[in-house]
Amino acid sequence: MKNSPGFEIFLYFILIVKILFVISLILSFYAKNHGTQSEEERYNTMKIKFHNLFTLCMGILLLIVFNPRNNPGEVCVSGHTKVFLFLFGFLSIISILELLK
């Protein structure tokens with residue numbers, strides 16, 4: 001799993017989404033002080049979408065990394081902590097999907 005090109009691409013995708021979130025946060029702050037109301041709303045909408053996408057991706061990442069069926073040596077946590085983090089990822093995905101309705 002750690003050496004998988006798909007996994008690496010997914011990690012870079014999460015990083016790009018977080019960077020885009022920070023950029024939209026800065027643009028939203030700038031528009032609030034120096035821009036129009038429509039610009040502020042547009043950047044706030046972008047900020048919310050990037051935040052939701054980031055939360056969804058982090059949920060998926062938690063499912064991948066903390067899957068209880070993975071080899072025990074692949075992750076530095078085990079037992080109930082591993083199961084708890086896996087379930088947290090699952091619940092994060094469910095909560096984002098509910099918000100998208």
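Taken over segment 40-53, residues that are at pLDDT 90 or above and among the acidic types (Asp, Glu) amount to 1.
Exactly one residue among Asn70, Asn3 is at pLDDT below 85, surrounded by 14 or more Cβ atoms within 10 Å (Cβ to Cβ) and not in a helix (DSSP H, G or I), and that residue is Asn70.
Selection of segment 15-54 for residues being out of contact with any His (no Cβ under 8 Å at 6 or more places or on another chain), crowded, with 16+ Cβ neighbours inside 10 Å, within 18 Å of Ile96 (Cα to Cα) and not charged (D, E, K, R) yields Val17, Asn44, Met46, Phe50, His51, Asn52, Leu53, Phe54.
The values are calculated or read from the model by the stated rules, or taken from the named source; none is laboratory data. Keep in mind that this is a model prediction, so the values were computed, not measured. All Cβ positions, even for glycine, are placed from backbone atoms using ideal geometry, and neighbour counts span all protein chains on display.
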